[in-house]
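First comes the structure, then the notes that go with it.
The values are calculated or read from the model by the stated rules, or taken from the named source; none is laboratory data. The structure presented is a predicted model; accordingly, all values stated were derived computationally and were not measured. With ideal geometry, Cβ positions are generated from the backbone for all residues, glycine too; neighbour counts draw on all protein chains shown. Remember, those area values only see protein heavy atoms, side chains included, never the ligands or the DNA or RNA. Shrake-Rupley method; radii C 1.70, N 1.55, O 1.52, S 1.80 Å.
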Amino acid sequence: MSALRNDIITCCVRLHQNAWLAACDGNVSVRTAPDTILITPQGRAKASLQPEDLVEMDAEGHAHLGSPSSEKLMHLTIYQQCPLAKAVIHAHPPIAVAWSLARPQLTELVANCLSELILAVGAIPIVPYARPGTAAMGAVLRPYLPHSRVMILAHHGALTWGESLEEAFMGMERLEHTARTLLYARLLGGWQELPPEEIEFLRAKRQTLGERIL
Ligand SMILES: [Zn+2]
């Protein structure tokens with residue numbers, strides 16, 4: 001269990017070092033048993049967390065010791081809706097979030113010009129806004145689960161889940177990398193989608209690779 005606590009702390013530090021969250025933003029959790037979730041505490045800077053600061057809660061979000069993250073309902077919704085989910089990461093990667101601010105009409109990040117994105121993730125939906133820390137935040141996610149493992153939360157942040165903490169982290173990494181690439185393309189004049197038959201081929205190939213984030 002202590003190795004797992006260290007892994008969560010390492011993940012928080014990496015999120016902060018990559019500037020995917022600031023100060024007390026974001027939260028990370030791991031399902032350690034069917035009814036037990038280890039999660040970052042409420043209102044603490046992710047860059048300076050210690051393993052003993054992490055809070056153990058049950059599947060209803062109750063903790064005997066400490067206060068779980070105020071976004072625990074978002075994590076619990078994922079664990080309820082996605083039996084395969086072992087880890088959940090919520091962060092505020094700035095370029096990904098900026099796309100939701102600047103392009104409110106987008107329902108997903110443009111995927112059809114990036115072959116590796118189609119192969120590694122499939123699509124990245126932009127989940128409509130709901131007030132952080134409320135039950136609405138959990139409810140708004142349901143239509144996207146369990147099939148989406150990487151999501152932008154409009155006007156807020158991003159959410160990824162995986163069958164391991166590393167998978168959830170890779171999802172966040174791929175999300176912000178994609179958002180950055182699209183931003184550069186936009187600054188250089190725009191992008192061109194791949195031919196429809198190639199998109200179809202890549203999507204079919206993704207089906208054969210399974211559900212995991214690559
Ligand atoms: Zn947040």
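Contact list please: Cβ distance under 6 Å, first residue in region 65-78 and closer than 14 Å to residue 153 by Cβ, second residue in a loop (DSSP other than H, G, I, E, B) and of a type in the set (A, V, I, L, M), pairs at least six apart or on different chains.
As it stands, the answer is 77/141; 78/85, since those pairs meet every condition given.
It is to be established whether one or more residues within region 54-62 are within 16 Å of the ligand (Cβ to nearest atom) and surrounded by 15 or more Cβ atoms within 10 Å (Cβ to Cβ). So that I can check it myself, show each step before the final result.
Kept after step one, since they are within 16 Å of the ligand (Cβ to nearest atom), are these residues of region 54-62: none.
Looking through region 54-62, none of the residues is within 16 Å of the ligand (Cβ to nearest atom) and surrounded by 15 or more Cβ atoms within 10 Å (Cβ to Cβ).
Which helices (runs of 4 or more DSSP H) does region 121-214 wholly contain that include 1 or more residues that are under 13 Å from the mean Cα position of the chain (by Cα)?
The helices (runs of 4 or more DSSP H) meeting that bar are 165-187.
Here are the criteria: (1) within 18 Å of residue 31 (Cβ to Cβ); (2) of a type outside the set (Ser, Thr, Tyr); (3) surrounded by fewer than 23 Cβ atoms within 10 Å (Cβ to Cβ); (4) within 16 Å of the ligand (Cβ to nearest atom). Tell me which single one residue 83 does not satisfy.
(4)
Applying the selection to region 150-170, what residues are more than 16 Å from the ligand (Cβ to nearest atom), of a type outside the set (D, E, K, R) and closer than 16 Å to residue 122 by Cβ?
Step one: list which residues in region 150-170 are more than 16 Å from the ligand (Cβ to nearest atom), which gives 162-167, 169-170.
After this cut, where a residue has to be of a type outside the set (D, E, K, R) as well, the list is 162, 164-165, 169-170.
Across region 150-170, the qualifying residues are 162, 170.
Which residues, counting only those in region 5-53, are within 21 Å of residue 138 (Cβ to Cβ), of a type outside the set (Val, Ile, Thr) and within 16 Å of the ligand (Cβ to nearest atom)?
21, 24, 25, 26, 27, 29, 41, 42, 43
Quick one: in region 63-72, of everything that is surrounded by fewer than 20 Cβ atoms within 10 Å (Cβ to Cβ) and on the phi < 0 side of the Ramachandran plot, which residue is nearest to the chain's Cα centre (by Cα)?
The residue in question is 70.
Any residue that is more than 23 Å from residue 85 (Cα to Cα), surrounded by 14 or more Cβ atoms within 10 Å (Cβ to Cβ) and aliphatic (A, V, I, L, M) - is there at least one of those in region 12-24?
yes
Somewhere in region 172-181, is a residue open to solvent by 30 Å² or more (accessible area, probe 1.4 Å), within 16 Å of the ligand (Cβ to nearest atom) and among the β-branched types (Val, Ile, Thr)? Steps first, please.
Within region 172-181, the subset open to solvent by 30 Å² or more (accessible area, probe 1.4 Å) is 173-174, 177, 180-181.
Remaining after also requiring within 16 Å of the ligand (Cβ to nearest atom): none.
Within region 172-181, not a single residue is open to solvent by 30 Å² or more (accessible area, probe 1.4 Å), within 16 Å of the ligand (Cβ to nearest atom) and among the β-branched types (Val, Ile, Thr).
Do we find a residue being open to solvent by less than 80 Å² (accessible area, probe 1.4 Å), at pLDDT below 95 and touching a His at 6+ places or on another chain (Cβ under 9 Å) anywhere in region 33-44?
No, the conditions are met nowhere in region 33-44.
If the requirement is being under 22 Å from residue 190 (Cα atoms) and either of a type in the set (Val, Ile, Thr) or buried (at least 24 other Cβ atoms within 10 Å of the Cβ) (or both), which of these qualifies: 78, 89, 124?
On the way: 78 fails: under 22 Å from residue 190 (Cα atoms); 89 fails: under 22 Å from residue 190 (Cα atoms).
Sole residue among the options that is under 22 Å from residue 190 (Cα atoms) and either of a type in the set (Val, Ile, Thr) or buried (at least 24 other Cβ atoms within 10 Å of the Cβ) (or both): 124.
Could you tell me which residue of region 92-121 is farthest from the ligand (Cβ to nearest atom), considering only residues that are open to solvent by 10 Å² or more (accessible area, probe 1.4 Å) and more than 18 Å from residue 153 (Cα to Cα)?
To start, the set of residues in region 92-121 that are open to solvent by 10 Å² or more (accessible area, probe 1.4 Å) comprises 92, 94-95, 97-99, 101-108, 110, 112-116, 119, 121.
When the remaining residues are screened for being more than 18 Å from residue 153 (Cα to Cα), the result is 112-116, 119.
Values: 112: 28, 113: 28, 114: 26, 115: 31, 116: 27, 119: 29 Å.
Per the stated criteria, the residue is 115.
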